[in-house]
Amino acid sequence: MPSQKERVCLIGSGNWGSAISKIIGRNLSQHSSQFDTDLRMWVFEEEVNGKKLSHIINDQHENVKYLPGIKLPENVKAEPDLLKAVDGATLLVFVIPHQFVKGICEQLKGRIHPNARAISLIKGVDVSNSGLKLVSSIIQESLQVDVSVLMGANIASEIAEEQFSETTIGCKNRSNGEAFKQIFNTHYFRCAIVEDVAGVELCGALKNIVAIGAGLVDGLRCGENTKAAIIRIGFMELRKFAKMYYGGVKDETFFESCGIADVITTCFGGRNRKVAEAHVRTGKTFDVLEKEMLNGQKLQGNLAAREVNMILKAKGETDK
Ligand SMILES: NC(=O)C1=CN([C@@H]2O[C@H](COP(=O)(O)OP(=O)(O)OC[C@H]3O[C@@H](n4cnc5c(N)ncnc54)[C@H](O)[C@@H]3O)[C@@H](O)[C@H]2O)C=CC1
Ligand SMILES: O=C(CO)COP(=O)(O)O
């Protein structure tokens, strides 16, 4: 245990970022001997009803745009300046849509605490000419820090209302996984630790594609048997893809909250499912529907589907 208190910074303040700030904020207050009790939360600044979102969060203790109706603990301090937010932080929690990760890491390069460790709650992968990359690898390579991940059947609004759920922390370094568990675990949010970063992360990213499929069959009014088939086949395919691209992925990981449980919850309750259903019913594009239906929140499944398809096409493996 380091002699200095750990300081936590949350990088992101959307729907999930705000919900998790409630849990971390409370846990920091309860473990004040080990942690600096202020939770700094980086906010991508925007105006809401003529006021800055960061000011609204600090004055009203509520993210009125991304998590309306839920009070956040007073020790959650919104900060729009990214470098000020991470200053001195030893535990970095990344929770932004995956399309913004590279830009954020670029700004943070060389600017973080030498003892910092990170965890990613981001469900997505990156595909470029050099192939498939995990978001945790992007963070690790840019910032030279150990990166764990946290993924699970975790619809943010339900957790904000303190309804029971489980989650999975994937780590390489057990003591870092345990350090992060201390800030996340609570009676209604139970964290299990597995030593399989790639397995946990790929489950989180790929289940969003299955959820798009579930939404499409809902839109087509195909019935519950068809939806169950999409979920089963989708789950098998995501497992096959994960094992094909990352040799060390463990079979047991697929039966943790990050695996089968997240596929189920997202196929019934998530934003990807909802927008995919609307796409079939209205014929509008995903981009248009995201703007019309989600009030600034972002979809991840349509991007992930495109990225995974690119990889499979490039390797001639679309029919495998
Ligand atoms: N919402 C949920 O129920 C869950 C979400 N996740 C994952 O967490 C990650 C973050 O999602 P949410 O917190 O739900 O976000 P969100 O979808 O609610 O909100 C979008 C966020 O992106 C920010 N943003 C917009 N433009 C930006 C830019 N150029 N640079 C940086 N940030 C920008 C917005 O300010 C806002 O905070 C995603 O990968 C998602 O899949 C994981 C579990 C549950
Ligand atoms: O990841 C999630 C639940 O675990 C949220 O899924 P959506 O982004 O589809 O809402």
In the set K65, K51, K5, the lone residue that is free of Cβ contacts under 8 Å to residues at least 12 places away in the same chain, more than 24 Å from E201 (Cβ to Cβ) and either basic (K, R) or surrounded by 21 or more Cβ atoms within 10 Å (Cβ to Cβ) (or both) is K51
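At least 1 residues that are over 21 Å from the mean Cα position of the chain (by Cα) in each: list the helices (runs of 4 or more DSSP H) lying fully within segment 208-320 that qualify.
Details: elements: 224-245, 262-269, 271-282, 286-294, 301-314.
Helices (runs of 4 or more DSSP H) meeting the threshold: 224-245, 271-282, 286-294, 301-314.
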Flagged in segment 139-155 as surrounded by fewer than 23 Cβ atoms within 10 Å (Cβ to Cβ) and outside any loop (DSSP other than H, G, I, E, B), in numbering order, are Q140, E141, S142, L143
Picked from segment 158-202 (must be of a type in the set (F, W, Y) and outside any helix (DSSP H, G or I)), the residue nearest to the chain's Cα centre (by Cα) is F189
Subset of segment 81-107, residues crowded, with 18+ Cβ neighbours inside 10 Å and without any contact (Cβ under 8 Å) to a residue 40 or more places away in the chain, comes to V101, C105
Only one of (1) farther than 26 Å from Q182 by Cα; (2) not in a loop (DSSP other than H, G, I, E, B) does not apply to K65, and that is (2)
Inset, instruction - State yes or no: is G270 closer than 21 Å to I233 by Cβ and either buried (at least 21 other Cβ atoms within 10 Å of the Cβ) or at pLDDT 95 or above (or both)? - result: yes
The correct count of residues that are of a type in the set (D, E) and buried (at least 20 other Cβ atoms within 10 Å of the Cβ) in segment 225-265 is 2
If we keep only residues of segment 97-122 that are closer than 29 Å to K207 by Cβ, in a loop (DSSP other than H, G, I, E, B) and touching a Leu at 6+ places or on another chain (Cβ under 9 Å), then the residue farthest from ligand 1 (Cβ to nearest atom) is A116
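Can you name every residue in segment 1-53 that is β-branched (V, I, T), in contact with a strand residue (DSSP E or B) (Cβ under 9 Å, 6 or more places away or on another chain) and farther than 26 Å from L299 by Cα?
Residue satisfying the conditions is V8 alone.
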Can you confirm whether A205 is within 16 Å of ligand 1 (Cβ to nearest atom), in contact with a strand residue (DSSP E or B) (Cβ under 9 Å, 6 or more places away or on another chain), within 22 Å of K243 (Cβ to Cβ) and in a loop (DSSP other than H, G, I, E, B)?
no
Of (1) within 14 Å of ligand 1 (Cβ to nearest atom); (2) part of a helix (DSSP H, G or I); (3) more than 22 Å from G259 (Cβ to Cβ), S136 fails just (3)
Given (1) without any contact (Cβ under 8 Å) to a residue 12 or more places away in the chain; (2) surrounded by 17 or more Cβ atoms within 10 Å (Cβ to Cβ), C222 misses just (2)
Against the condition farther than 19 Å from L91 by Cβ and either at pLDDT below 95 or away from ligand 1 (no atom under 16 Å from the Cβ) (or both), how does L143 come out, does it pass? no
Log entry, pairs with first residue in segment 252-280 being basic (K, R), second being outside any helix (DSSP H, G or I) and near ligand 2 (Cβ under 9 Å from one of its atoms), beta carbons closer than 7 Å, six or more apart or on different chains, reads R271/Q297; R271/L299
Flagged pairs (Cβ under 6 angstrom, 6 or more apart or on separate chains; first in segment 110-124, closer than 20 Å to P97 by Cα; second part of a loop (DSSP other than H, G, I, E, B) and within 13 Å of ligand 2 (Cβ to nearest atom)) are L121/V95; K123/Q300; G124/Q300
All conditions in (1) more than 28 Å from G110 (Cβ to Cβ); (2) in contact with a Pro (Cβ under 9 Å, 6 or more places away or on another chain); (3) not β-branched (V, I, T) are true of L28 except (1)
If you check A179 against the conditions, is it crowded, with 20+ Cβ neighbours inside 10 Å and within 16 Å of ligand 1 (Cβ to nearest atom)?
no
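The values are calculated or read from the model by the stated rules, or taken from the named source; none is laboratory data. No experiment lies behind these values; they were computed from the predicted model shown. Every residue, glycine as well, gets a Cβ built from its backbone with ideal geometry; the counts of neighbours run over all protein chains shown.
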